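Read-outs throughout are calculated quantities, based only on the coordinates presented, and are distinct from any laboratory measurement. Source: prediction; values computed, not measured. When we count neighbours, we look across all protein chains shown, and the Cβ atoms used for this are built from the backbone with ideal geometry, even at glycine.
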Amino acid sequence: MSAITTGKLLLGVAGVAVLAAVIAAVTLEPPHVQRQQRLDARRTSDLSAANRAVNEYWKRRRALPPSLDAIAAEAGMNIQRKDPETDIAYGYEITGERSFRLCANFARDSEAGGRHPTEFEWAHGSGRQCLDRIVENKAQ
């Protein structure tokens, strides 16, 4: 291979490497943002599990649980009741006969960076956010 051909090949490889680095820098979030996103995903997962557990408690007792701790006391209803980062209890309050509110402190807006929550996630802003829910009223 001639020196000119080798030089062109190396220049092409370097160009591709630079392009890949630029694309990665633009599309990948910094590590602290990725960590915040993982923690927020855990929070939404915990609140989703709490929502399911409240519904199950309702089915069993025809009443809302007085607290998330009461759900945890039920056999087979173990849920995460505290924030994974701060160890502060998630908020829960009864707002009506069949309605309740679940709250958590989120690090980021769920739509930050153009990302939209999937159907399995709950849209939320940053900071303390509360989700108003109503127990399912399925016939048993």
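The table that follows gives values for the structure above.
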quantity	calculated
For region 30-134, size of Cβ-based charge dipole, Lys and Arg +1, Asp and Glu -1, in debye	220
Amide hydrogen neighbours beyond the local backbone of Ser67, cut-off 5 Å, H modeled	none
Distance histogram for region 30-134 (every C-alpha pair counted, 10 angstrom bins, percent rounded to whole numbers)	15, 47, 29, 9, 1
Inter-site label distance for Ala75 and Arg35 at 7 Å from Cα along Cβ, in nm	4.2
Residues whose placed amide H lies under 5 Å from that of Ser126, excluding near-sequence neighbours	Asp109
